[in-house]
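First comes the structure, then the notes that go with it.
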Amino acid sequence: GISYENSAAITTNGDLYCWGYNSSGQVGNGTAANQTTPVKVLENVKSIYVYIYGSRNSTAITTNGDLYCWRYNEYGQIGNGTTVDQTTPVKILENVKSVSLGFEHSAAVTNNGDLYCWGGNYCGQVGNGTTIDQTTPVKVLQNVKSVSGFESKNNAAITTNGDLYCWGYNLR
């Protein structure tokens, strides 16, 4: 994964290495100091998701389906029940198959098709019928095949029967 601030790579044996700009713990090595060489952050990783504009959060899914999140956390987008930046990966969910990251919110689909969302919610982008930020994952749909978060204000999900659901910011 690459953002405009830092980089991440997974080795063939599943070790996750990160490096680069680290002002809010993006690297995941427990510091806020820039990292000029790769540092091992997690083991047994199968995929990494980094918000492309780099200023929000990072997530990784391990080979057994555990979801880990870290870095910037102003709106609770890490999902650990706080709004404090997380400089090391913290386990948030189990049995996860895919993730989508918005600018200030996160979403994950489990292997059984449950969709969980959390983080910034001022436009209803979490999808739980409120506009209150959610600092822990909230189950919002079932039988989900895939999810996609857009910018800071929207989400869309496709269910296993092909229905499309959209929610969040709706002014345009």
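The values are calculated or read from the model by the stated rules, or taken from the named source; none is laboratory data. Not measured: the values here are computed from a predicted model. Neighbour counts are summed over all protein chains in view; Cβ atoms, including those assigned to glycine, are modelled from backbone coordinates with ideal geometry. Accessible surface areas use protein heavy atoms only, side chains included; no ligands, DNA or RNA. Shrake-Rupley method; radii C 1.70, N 1.55, O 1.52, S 1.80 Å.
Could you list, in sequence order, the residues of region 109-150 that are polar (S, T, N, Q), open to solvent by 20 Å² or more (accessible area, probe 1.4 Å) and under 20 Å from residue 64 (Cα atoms)? Once the filter is applied, which keeps residues that are polar (S, T, N, Q), open to solvent by 20 Å² or more (accessible area, probe 1.4 Å) and under 20 Å from residue 64 (Cα atoms), region 109-150 yields 111, 112, 146. Remark: residue 45 falls outside the filter, which requires a residue to be surrounded by fewer than 22 Cβ atoms within 10 Å (Cβ to Cβ), more than 20 Å from residue 145 (Cα to Cα) and aliphatic (A, V, I, L, M).
Counting just the residues of region 99-108 that are open to solvent by 10 Å² or more (accessible area, probe 1.4 Å) and in contact with a Phe, Trp or Tyr (Cβ under 7 Å, 6 or more places away or on another chain), which one comes out modelled with the highest pLDDT? Among those residues, the one meeting the criterion is 99. Could you please find all residues in region 72-89 being under 13 Å from the mean Cα position of the chain (by Cα) and farther than 15 Å from residue 118 by Cα? Within region 72-89, 86, 89 meet the criteria. Looking at 64, 22, 44, 13, just one residue is more than 27 Å from residue 110 (Cβ to Cβ) and either over 14 Å from the mean Cα position of the chain (by Cα) or among the basic types (Lys, Arg) (or both), and that residue is 22.
Each residue in region 30-42 was checked for being farther than 17 Å from residue 67 by Cα and in contact (Cβ under 8 Å) with a residue 40 or more places away in the chain, and 3 pass. Restricting attention to region 14-27, the residues that are under 13 Å from residue 88 (Cα atoms), part of a loop (DSSP other than H, G, I, E, B) and modelled with pLDDT of 90 or more total 0.
The number of residues in region 80-95 being modelled with pLDDT under 95 and open to solvent by less than 50 Å² (accessible area, probe 1.4 Å) comes to 2. On the given criteria, is residue 2 open to solvent by 50 Å² or more (accessible area, probe 1.4 Å), at pLDDT below 90 and out of contact with any helix residue (DSSP H, G or I) (no Cβ under 6 Å at 6 or more places or on another chain)? Criteria met by residue 2.
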